1. Do any strands (runs of 3 or more DSSP E) entirely within region 451-515 hold 1 or more residues that are over 26 Å from Lys142 (Cβ atoms) and away from the ligand (no atom under 16 Å from the Cβ), and if so, which?
2. Check region 417-433 and report whether any residue there is within 12 Å of the ligand (Cβ to nearest atom), at pLDDT below 95 and assigned to a loop (DSSP other than H, G, I, E, B).
3. Tally time: how many residues in region 482-519 are touching a Leu at 6+ places or on another chain (Cβ under 9 Å), open to solvent by 20 Å² or more (accessible area, probe 1.4 Å) and touching a residue at least 40 places away in the same chain (Cβ under 8 Å)?
4. Between Gly415, Gly433, Gly405, Gly442, which is in contact (Cβ under 8 Å) with a residue 60 or more places away in the chain and open to solvent by 20 Å² or more (accessible area, probe 1.4 Å)?
5. Of these, Lys464, Lys395, Lys384, Lys399, which one is open to solvent by 20 Å² or more (accessible area, probe 1.4 Å) and in contact with a strand residue (DSSP E or B) (Cβ under 9 Å, 6 or more places away or on another chain)?
6. Somewhere in region 434-456, is a residue modelled with pLDDT of 95 or more and either within 18 Å of Glu156 (Cα to Cα) or touching a His at 6+ places or on another chain (Cβ under 7 Å) (or both)?
7. How many residues does region 112-144 contain that are open to solvent by less than 80 Å² (accessible area, probe 1.4 Å) and within 22 Å of Asn491 (Cβ to Cβ)?
8. Against the definition (open to solvent by 40 Å² or more (accessible area, probe 1.4 Å), within 20 Å of Gln32 (Cα to Cα) and of a type in the set (Gly, Ala, Ser)), how does Ser45 come out, yes or no?
Amino acid sequence: MTMIDRGVCLAFVLSVSLSMLLGHVAGAKVLQIRGIPTAKNPLYSPDQDFQCLDGSLLIPFSRVNDDYCDCADGSDEPGTSACTNGSFYCENSGHKARYIPSTWVNDGICDCCDATDEYGSGKECANNCNELGREARLEQQKTEELVREGNKIRTEMISKGKQLKNDYQSSLVKLRVDYSEAVLVKKEKEVLKNQAEERETAALEKYKSAEPEQPATEEGEEEKEIQESEIEDYFKMLDSDGSGTITIMELKTRVTFDKDRDGVVSDEEALYFLNNQEEVNLQEFMDSAWSYIKPFLMLEQGVFKPDDQKEEEGESHEQEGEDHEQGEELWEQGKEEDDNSEGEEAAAGHQEKVEESGIQYDEETQALIDEATTARENFQTAEKSVSDLQTAIRKLEEKLDRDYGADQEFAPLDGECFEYTDLEYIYTLCMFGRATQRSKSGGSDIILGHWNEWAGTDGQKYSKMKYDRGLTCWNGPARSTMVSLSCGKENKLISVTEPMRCEYLMEFSTPALCNPNLESSDTHDEL
Ligand code: MAN
């Protein structure tokens with residue numbers, strides 16, 4: 001190589017390295033290192049050796065942006081793609097500045113709207129920062145306007161929420177007083193009932209031997225067999241894991257057993273239907289559990305209706321002999337039996353037989369039966385009001401403990417239900433209650449989850465609600481639903497999808513989240 005050739009070659013190398021080192025030189029005065037913001041210029045001083053930003057190495061300044069990676073943190077190559085872990089700064093004047101991975105530099109793809117990342121790839125990138133910036137600013141204005149408008153409603157929700165919490169508090173005080181009174185009344189009625197039943201039992205003693213035995217007939221046997229096979233079928237259906245026993249957990253996934261219709265099948269409810277056992281096998285199911293379950297099942301299937309409905313419709317009051325009474329009565333009776341009052345059981349047994357046998361009692365005995373019946377009814381009424389008050393107190397306590405947001409802004413939504421319909425299903429979301437799905441072609445509600453907790457992350461706790469423990473999918477998990485909340489002028493269920501089988505995602509807009517003081521990840525950037 002001649003001296004001239006060498007000179008040309010050196011000049012070329014210098015010009016290339018200079019072009020990699022320097023970026024746009026505004027007004028040809030300031031030396032701007034490519035790939036860093038101006039604020040970081042003091043860390044890249046051409047008249048000093050360069051200290052890698054992690055402090056790991058000191059290198060001659062000529063090795064900055066020389067397309068060779070020296071620093072472990074990639075800080076010597078902000079303007080080239082030499083380091084796999086470096087970042088390149090696009091100023092994007094007119095829009096948002098951003099960092100991109102330095103491996104994107106000169107890769108033939110326009111990443112920065114000011115086109116600065118593609119200075120050496122030959123790719124022609126347009127600088128469209130002004131246009132994009134304008135659009136983004138408009139978008140941000142719209143968002144701010146929405147937050148401002150929504151915030152007005154949010155303020156109303158806050159005052160309503162606070163009012164509700166106060167109301168719950170005063171109702172609770174009152175209910176607790178009512179409850180103490182109701183417990184006293186129940187005790188009093190229980191004493192009266194026990195006394196009346198003692199008299200009734202004594203009076204009925206003399207009629208005991210007069211009760212006719214039921215002779216078994218062939219027809220009766222056949223009918224029994226049919227019934228048993230029906231029961232067995234139902235057993236198999238309830239035994240969803242095919243283990244040969246029905247457990248509390250298996251009953252808890254079925255709305256049929258939500259006796260008090262509060263949206264949850266409680267342990268108490270499940271135990272009731274399993275005759276107070278944790279699990280039952282087929283024999284136990286036939287012998288005991290079935291008599292508790294059957295009336296509820298028939299009720300659900302519309303085979304018979306609760307008493308009050310019957311009365312309204314003027315129907316007769318015939319009832320199958322051995323099954324427990326339907327609906328409310330049955331539940332109350334079950335609870336009574338749980339109380340282990342043997343006298344009551346015996347008297348209730350008498351009562352059934354009295355009705356079945358059609359025996360004519362003498363006047364005095366009949367009067368004692370009537371008296372005991374009234375006493376039993378009075379006791380049941382008193383017992384019901386105690387349990388109703390207990391339920392009401394429990395529900396209020398739950399509401400008082402519930403997290404309704406920093407300013408109680410979500411409290412007015414408690415108990416409100418919202419619907420969304422897609423091509424196949426009608427979805428319902430009852431806030432702080434449960435989420436359900438119903439096929440448009442009919443059938444019953446499938447529970448997609450019960451309210452569990454707030455599940456938002458990154459300081460945005462109230463942006464997600466988790467509903468779980470829904471109806472178990474065939475061979476799969478229990479259904480669950482995540483509700484993703486965002487600021488909107490009205491409370492509305494916007495969409496429902498099922499991204500994973502039996503895991504649902506609902507999008508819900510609410511003014512409760514239109515808080516101008518909350519930093520959203522977007523509004524923080526300078527535009
Ligand atoms: C039903 C619906 C669906 C769900 C399937 C799972 O059809 O609840 O959403 O994916 O059951 O078997």
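1. Correct list: 464-468.
2. No, the conditions are met nowhere in region 417-433.
3. 5
4. Gly433
5. Working: Lys395 fails: in contact with a strand residue (DSSP E or B) (Cβ under 9 Å, 6 or more places away or on another chain); Lys384 fails: in contact with a strand residue (DSSP E or B) (Cβ under 9 Å, 6 or more places away or on another chain); Lys399 fails: in contact with a strand residue (DSSP E or B) (Cβ under 9 Å, 6 or more places away or on another chain).
After applying the criteria, what remains is Lys464.
6. yes
7. Matching residues across region 112-144 total 2.
8. No: the conditions fail for Ser45.
The values are calculated or read from the model by the stated rules, or taken from the named source; none is laboratory data. Being a predicted model, the structure only gives us computed values, none of them experimental. Glycine gets a Cβ as well: all are built from the backbone with ideal geometry, and neighbour counts include every protein chain shown. Each accessible area value is taken on the protein alone, full model and side chains, heavy atoms only, with ligands, DNA and RNA left out. Shrake-Rupley method; radii C 1.70, N 1.55, O 1.52, S 1.80 Å.
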